[in-house]
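Please read the structure below before turning to the comments.
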Amino acid sequence: MTDNEPDVDAKGDPLPEVCNLRNGVISDGAEVYSLVRDSSAIHAHDSQFDGQRLIVACSPKRLDADQTGQAPAVPG
């Protein structure tokens, strides 16, 4: 499996995404992705991405709220 392939269950069906900001399953396809700074992150294949981590959020509103420090106040 590579970084580009989705995780799959025992039947080979893709696993749902999980919001990294509230740990809830994203079942409606509304997920958004963002690179965030993370000093402990080391990319497996490309050092230009060292210090960055890809996160998944359940909506653009949740992602924006997290980046401004307001995530707990935003409904799921």
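The values are calculated or read from the model by the stated rules, or taken from the named source; none is laboratory data. Predicted, not measured: the structure shown is a model, and the values here were computed from it. Reconstructed Cβ throughout: ideal geometry from the backbone, glycine too, with neighbour counts over all protein chains shown. Surface areas here come from the heavy atoms of the whole protein model, side chains and all, with no ligands, DNA or RNA. Shrake-Rupley method; radii C 1.70, N 1.55, O 1.52, S 1.80 Å.
To keep it simple, each residue is scored yes or no on (1) exposed (fewer than 15 other Cβ atoms within 10 Å of the Cβ); (2) at pLDDT 85 or above; (3) of a type in the set (Asp, Glu).
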{"position": "Gly12", "(1), (2), (3)": "yes, no, no"}
{"position": "Ser39", "(1), (2), (3)": "yes, yes, no"}
{"position": "Gln48", "(1), (2), (3)": "yes, yes, no"}
{"position": "Arg53", "(1), (2), (3)": "no, yes, no"}
{"position": "Ser59", "(1), (2), (3)": "no, yes, no"}
{"position": "Thr68", "(1), (2), (3)": "yes, no, no"}
{"position": "Pro72", "(1), (2), (3)": "yes, no, no"}
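Restricting to region 14-33, give me the number of residues that are open to solvent by 100 Å² or more (accessible area, probe 1.4 Å) and in a strand (DSSP E or B). Of the residues in that region, 1 qualify. The condition of being in contact with a helix residue (DSSP H, G or I) (Cβ under 7 Å, 6 or more places away or on another chain) and touching a residue at least 12 places away in the same chain (Cβ under 8 Å) holds for Leu21.
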